[in-house]
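Presented below is the structure to which this report refers.
The values are calculated or read from the model by the stated rules, or taken from the named source; none is laboratory data. Remember, predicted model here, so these are calculated numbers, not experimental data. Note: ideal-geometry Cβ built from the backbone for every residue, glycine included; neighbour counts use all protein chains shown.
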Ligand SMILES: [Zn+2]
Ligand SMILES: [Zn+2]
């Protein structure tokens, strides 16, 4: 391999992924190039592989990576060569109208426009990757944190915490979280940090249930044994919860969030519904025929240095350790296997760690 090329894990065509050689990217004035040290595969990558999210063939996959600064553009300040950095899965410009309004995930006036990696440019499942607007999007990783920990700040915790933030929990509030995959588990961590008084986690897989308990769920509802709506209403004296979080992306769980939320409650969606790709229905009676004062939020990872720093800080001081979510570890040469396992969810996989060195 020539000195100026690298290995990148790409979408060859829908359903086919693999490693190709690409030139190492060169930074523009505001960009940085990061040498990847570790990455994680996300369910979103699997959606892309399956063609549910459509992208250009040949594009590098991945949006959850950490590494060291390899090269910087002439206008980049506040970073140094060789510094360990985390980059969020969403890398907004922080300059456009939507970013200025605070909706950085909807950057460039486009829905989910902040999702640059893979969707608009090469992702970061490669030995090197380019980050635009580096100053705004790279956060230094303290030496007390491992790459493994820092990776969780790039997407899972940021998205899960957003779910808890959109749930607008007050101290002692009740919350139900549908599904305890990596985002649902991160939402559980977020709800615990936000001071929920009762966290009900809906999940059937034993290891995920165990993690949910460890991360702060008070009650686990197994939807294969119990009707979650009935059980959640029972647990809240028929009142329903103050907030419900949808972290799966299915019509059934979506509708359930309306059924378990009390009037004036919040419904916080972080599940991706493109997999089913049908209009979502809102059940009329639980929505008060449109007059229930229930609020619905839907969002994704907001990205940005400051948000990364906040999440990293929580881990630095021992408030959060999400690493038990990592069920498998692979080398760069095994990424395809990690993708296939994430697709089939075999062997209880939740989050696979990819080590580059
Ligand atoms: Zn992700
Ligand atoms: Zn923007």
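At least 1 residues being touching a strand residue (DSSP E or B) at 6+ places or on another chain (Cβ under 7 Å) and closer than 18 Å to residue 307 by Cα is the threshold, and among the helices (runs of 4 or more DSSP H) wholly inside segment 128-244 those reaching it are 134-137, 147-154, 156-166, 182-193. Here the condition is being in contact with a helix residue (DSSP H, G or I) (Cβ under 7 Å, 6 or more places away or on another chain), more than 15 Å from ligand 1 (Cβ to nearest atom) and not assigned by TED's automatic domain parsing to the domain that holds residue 186; of 144, 104, 118, it holds for 144 alone.
Any chance segment 115-126 includes a residue that's assigned to a loop (DSSP other than H, G, I, E, B) and over 20 Å from residue 339 (Cβ atoms)? Checking segment 115-126: at least one residue is assigned to a loop (DSSP other than H, G, I, E, B) and over 20 Å from residue 339 (Cβ atoms).
Counting only residues that are in contact with a strand residue (DSSP E or B) (Cβ under 6 Å, 6 or more places away or on another chain) and surrounded by 20 or more Cβ atoms within 10 Å (Cβ to Cβ), segment 293-338 holds 6 of them. Do the conditions hold for residue 32, that is, is it buried (at least 18 other Cβ atoms within 10 Å of the Cβ) and either free of Cβ contacts under 8 Å to residues at least 12 places away in the same chain or within 16 Å of ligand 1 (Cβ to nearest atom) (or both)? Against the criterion (buried (at least 18 other Cβ atoms within 10 Å of the Cβ) and either free of Cβ contacts under 8 Å to residues at least 12 places away in the same chain or within 16 Å of ligand 1 (Cβ to nearest atom) (or both)), residue 32 does not qualify.
To keep it simple, each residue is scored yes or no on (1) under 28 Å from residue 272 (Cβ atoms); (2) within 22 Å of the chain's Cα centre (by Cα).
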position	(1), (2)
16	yes, no
29	no, no
34	yes, yes
55	yes, yes
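Restricting 110, 135 to residues that are within 16 Å of ligand 2 (Cβ to nearest atom), surrounded by fewer than 24 Cβ atoms within 10 Å (Cβ to Cβ), under 22 Å from residue 28 (Cβ atoms) and at pLDDT 95 or above narrows the list to 135.
Checking each residue in segment 81-102 for being within 9 Å of ligand 2 (Cβ to nearest atom), touching a residue at least 60 places away in the same chain (Cβ under 8 Å) and either at negative phi or not in a loop (DSSP other than H, G, I, E, B) (or both) picks out only 92. Residues that are closer than 22 Å to residue 353 by Cβ and crowded, with 22+ Cβ neighbours inside 10 Å were ranked within segment 70-93; the one that is farthest from the chain's Cα centre (by Cα) is 85.
For segment 114-146, a tally of residues being touching a residue at least 40 places away in the same chain (Cβ under 8 Å), within 15 Å of residue 48 (Cβ to Cβ) and within 16 Å of the chain's Cα centre (by Cα) returns 7.
Looking at (1) touching a residue at least 60 places away in the same chain (Cβ under 8 Å); (2) outside any loop (DSSP other than H, G, I, E, B), which is the one condition that is false for residue 252? Here residue 252 meets the rest and fails (1). Scanning segment 23-43 for residues that are closer than 27 Å to residue 328 by Cα and either part of a loop (DSSP other than H, G, I, E, B) or not assigned by TED's automatic domain parsing to the domain that holds residue 334 (or both) turns up 41, 42. Residues of segment 24-47 that are more than 17 Å from residue 301 (Cα to Cα) and out of contact with any strand residue (DSSP E or B) (no Cβ under 6 Å at 6 or more places or on another chain): 26, 28, 29, 30, 46.
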